[in-house]
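What follows is calculated from the coordinates using simple rules that are stated; it is not laboratory data. The structure presented is a predicted model; accordingly, all values stated were derived computationally and were not measured. When we count neighbours, we look across all protein chains shown, and the Cβ atoms used for this are built from the backbone with ideal geometry, even at glycine.
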Amino acid sequence: MKIVVFAPHPDDEIFGCGGSILKWMEEGHDVHVIYVTDNRVLISWGLKYNQLLLEEAKDFINLSEDEIAKIALKEAIQVSKAFGFLKKNVYFFKFHDQDAMNNVDFGVILAKEIIKDADRIVLPSDNNNHVDHQATHTIAKRAAKEANLKNAEFYIYALYNVLKAPKEKQIKINVVQYQNKIYELMKGYRTQLCLKDTKMGWEYALKRKRSERFGVFRFEDMNKFENF
């Protein structure tokens, strides 16, 4: 089975479905990941919203956004390798952080080529209050629609909002055996761990994560549910 995971930012693949990715790989599936944005504004955003951990950010705080983006994408390459992704299965759209919504049309063009033969598409929820997550959802869904992927299944993960899919449309994947692995993988995102909420999520959530929950939909379900 070809599975394509959409990550709005490097690290969203870990928080959204990291354990499931490891499980799918272990089962022998052909798993791909698309990193949509480049995390370039995480330091400036952290400063603006009092989210920055100054000690952790000391190596990055005086760098330009271009320099931060270069480091963040390099981190994503290393983390994807540590996951076990094949190099040819890792894609970078390199859209500017916080600006994916202005690149939806181009994102659809890029995504269609990647997902054209996908069996499962894993994407963030619709009606998301984070602009890059919402843009990523829109890109993935529009690309699937234009590619007419009527036989694909869609796994929706919720970050920054609540999964409101009906119970019959939900699935929980047991990821207990992957807790330590995803915790260790997150260490590769040093830039992201400069943010208070991200570091708290890493320290208190990932190592205790017992399952990952998804809304599971079909092509014909598009736009009929809040999350899809």
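Given [x] 21; [y] 11; [z] 16, which label gives percent of Cα pairs over 33 Å apart as computed from the coordinates? Of the labelled values, this structure produces [y].
Here the Gaussian network model covers the chain, with springs between Cα atoms less than 10 Å apart; of 11, 59, 132, 59 fluctuates the most.
In loop segments of the range 72-179 as defined by DSSP, the trypsin sites (Lys or Arg not before Pro) with at most 11 further C-beta atoms inside 10 Å of their C-beta are 150. The label-point distance for residue 171 and residue 127, in a model that sets each label 7 Å from Cα toward Cβ, rounds to 2.3 nm. Taking each DSSP H run with n ≥ 4 as -39500 (n - 2.57) and averaging over every residue of the chain yields -12000 deg cm²/dmol at 222 nm. Between residue 221 and residue 78, the modelled label-to-label distance comes to 3.8 nm, taking each label 7 Å out from Cα in the direction of the beta carbon. I need the shape label for the range 155-228. Rule: rounded when a/c is under 1.5, else prolate if a/b > b/c, else oblate, with a, b, c from the alpha carbon gyration tensor. Prolate, because a/c is 1.5 or more and a/b exceeds b/c. Comparing 211, 64, 20 in a Gaussian network model of the chain (Cα springs below 10 Å), the most mobile by mean-square fluctuation is 64. With 19 Å as the limit, write out which pairs from 81/181; 81/207; 2/112 have Cα-Cα distances beyond it, or answer none. The answer is 81/207.
At an R0 of 22 angstrom, the distance between the Cβ atoms of residue 162 and residue 113 translates into a FRET efficiency of 0.10.
In terms of other Cβ atoms within 10 Å, 17, 194 run from fewest to most in the order 194, 17. For the range 2-220, the antiparallel share of DSSP beta bridges with both residues in that region comes to about 35%. The HN-Hα couplings worked out from phi for the range 133-148 by the Karplus form 6.51 cos²θ - 1.76 cosθ + 1.60 (θ = phi - 60°) are 5, 5, 4, 5, 4, 4, 4, 4, 5, 5, 4, 5, 5, 5, 7, 6 Hz, whole numbers, x standing for Gly and Pro. Here are some pairs, 94/199; 74/116; 87/187; 23/74; 70/172; which of them have Cα atoms lying more than 29 Å apart in this structure? Table pairs above 29 Å Cα-Cα are 70/172. When the Gaussian network model of the chain links Cα atoms closer than 10 Å, the mean-square fluctuations of 13, 26, 203 top out at 26. Ranked by how many other Cβ atoms sit within 10 Å of their own Cβ, fewest first, the residues 178, 35 fall in the order 178, 35.
Between residue 87 and residue 205, the modelled labels are 3.3 nm apart [label points 7 Å from Cα along Cα→Cβ].
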